[in-house]
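Throughout, read-outs are computed from the coordinates displayed, never taken from laboratory work. Treat the numbers as computed from the prediction; the structure is a model and nothing was measured. In this analysis, Cβ positions are derived from the backbone assuming ideal geometry, glycine residues included, and neighbour counts consider all displayed protein chains.
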Amino acid sequence: MQGFKQRFSLVMMVVMTITVFAIGCGTTSVRGKRKLTVAASDHVGGESVGFRVAFYNLENLFDTVDGPNDDAEFLPGSESRWNSQRYQNKLNNMSKVIDSIAPDILGVVEVENAFVLEDLRKHCRSMQISPSGDTENDVRKPLGSDFEIVHRESPDARGIDVALIYNRKKFYSTGVYMTRVTLADGYATRDIMRVHLVERLTGDSLAVFVNHWPSRRGGAASAASRMAAAAALSQTLHNNPTIPANYLLMGDFNDDPEDVSITEGLNAGDAYHPIVNLAYVARAKDSTIGTLAWHTGWNMFDQIMISRSLYFANLHNHEPIVPKSTTAQDPQIQVYKRPWMLQHDGNKYDGWPLRTFAGKKYMNGFSDHLPVYTDLVLVHRH
């Protein structure tokens with residue numbers, strides 16, 4: 001296996017060090033898919049293209065090959081008895097969810113390496129080019145994929161990374177940048193990924209950030225780690241003039257939209273904030289919605305936030321890409337939650353996300369998180 005996790009050990013003072021490094025990339029291809037029409041005065045070089053953004057924590061998408069990262073839990077000889085069949089089951093289950101959402105931009109976390117992402121892309125029919133153009137019903141071998149994978153190794157001790165997959169018929173990338181977050185105790189966590197995309201038909205820019213902030217392991221003391229991640233992201237946003245006015249943040253933040261790491265660390269909230277947290281807006285209307293079930297109720301760790309300029313560009317100028325997905329006219333977040341993604345065993349976990357494992361028991365499920373998505377349109381502002 002190539003590009004495996006470089007085991008990372010830092011001895012740090014009780015301060016946070018943030019390192020930002022850049023890696024450029026480029027893509028080719030043209031063609032657009034779903035279109036939303038906006039005022040002609042807002043166009044630059046063509047119609048603005050509607051696109052769907054989704055985020056999904058895949059919960060331990062590991063292959064079966066022993067790598068230098070800490071993957072002992074997901075090997076054929078492990079207690080979990082992870083093997084090729086279970087790996088294929090996981091890919092089938094994840095792709096079923098992704099195909100049901102059919103995003104143009106997909107952020108994912110808890111992936112082991114680039115190989116599992118390539119396997120996932122091959123399993124997603126919505127990402128394939130079929131000989132007839134009918135990706136849903138054409139059973140012949142696909143001709144390839146119109147979706148580009150963006151992946152970089154992170155220093156996380158378990159070897160799980162963040163990644164982005166985007167529709168290169170609609171977008172091309174002008175750069176990939178990683179913000180490294182080193183915590184006060186020297187513990188290495190996931191990098192924050194930033195991908196600069198350009199919409200092909202309009203030439204408008206969009207920066208996409210993929211996050212997987214430190215977990216809540218350790219209780220209240222762990223809050224400082226997420227504040228450190230918030231500070232790293234906030235510093236990148238405020239100190240980098242190359243970031244376009246249109247940007248979005250997505251990820252598993254391991255905090256709710258109302259928690260201080262989000263509301264104060266990022267200054268994200270409703271439309272009166274510089275960053276509009278679509279999850280915050282949704283929870284203000286219905287506090288019971290969430291993506292992760294716990295004994296105290298549903299948490300909304302998985303969130304999508306957009307810059308204020310992008311929010312107001314979409315305000316009252318937005319229609320659903322898929323009409324049945326939503327009836328509201330303003331940009332909003334949706335939790336993708338279907339009965340077949342949930343447990344139905346009549347016990348206290350009834351209605352919770354159906355996981356791959358429940359403790360040591362193999363469940364052949366999906367993830368402990370539910371995915372989120374939103375429909376947006378880029379509108380050029382002179």
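Taking each residue of the stretch 268-288 that is in contact (Cβ under 8 Å) with a residue 12 or more places away in the chain and looking for partners that are among the hydroxyl-bearing types (Ser, Thr, Tyr) with beta-carbon atoms closer than 7 Å, six or more apart or interchain, yields Ala268/Tyr280; Gly269/Thr263; Gly269/Tyr280; Asp270/Tyr280; Ala271/Tyr311; Ile275/Ser307; Val276/Tyr311; Leu278/Thr374. Residues that are farther than 23 Å from Asp99 by Cα, part of a strand (DSSP E or B) and touching a residue at least 40 places away in the same chain (Cβ under 8 Å): does the stretch 156-168 have at least one? Taking every residue of the stretch 156-168 in turn, none turns out to be farther than 23 Å from Asp99 by Cα, part of a strand (DSSP E or B) and touching a residue at least 40 places away in the same chain (Cβ under 8 Å).
Among the residues of the stretch 88-120, the ones that are of a type in the set (D, E, K, R), crowded, with 20+ Cβ neighbours inside 10 Å and in a helix (DSSP H, G or I) come to 1 in all. So is Asp185 surrounded by 24 or more Cβ atoms within 10 Å (Cβ to Cβ) and farther than 16 Å from Ile149 by Cα or not? Taking the combined requirement at face value, the residue does not satisfy it. Considered as a group, the residues in the stretch 55-97 that are of a type in the set (A, V, I, L, M) and without any contact (Cβ under 8 Å) to a residue 60 or more places away in the chain include one that is nearest to Ile306 (Cα to Cα), and that residue is Leu61.
Considered as a group, the residues in the stretch 171-222 that are among the small types (Gly, Ala, Ser) and in contact with a Phe, Trp or Tyr (Cβ under 6 Å, 6 or more places away or on another chain) include one that is farthest from Gln235 (Cα to Cα), and that residue is Ala188. Considered as a group, the residues in the stretch 235-264 that are of a type in the set (Asp, Glu) and assigned to a loop (DSSP other than H, G, I, E, B) include one that is surrounded by the most Cβ atoms within 10 Å (Cβ to Cβ), and that residue is Asp255. Candidates in the stretch 174-189 are the residues that are under 15 Å from Ala231 (Cβ atoms) and in a loop (DSSP other than H, G, I, E, B); of these, the one that is nearest to the chain's Cα centre (by Cα) is Thr189. Within the stretch 332-346, the set of residues being out of contact with any strand residue (DSSP E or B) (no Cβ under 9 Å at 6 or more places or on another chain) and not acidic (Asp, Glu) comprises Arg338, Pro339, Trp340, His344, Gly346. Look through the stretch 330-362, keep the residues that are over 18 Å from Trp298 (Cβ atoms) and more than 22 Å from the chain's Cα centre (by Cα), and return whichever of them is surrounded by the most Cβ atoms within 10 Å (Cβ to Cβ). This residue is Tyr362.
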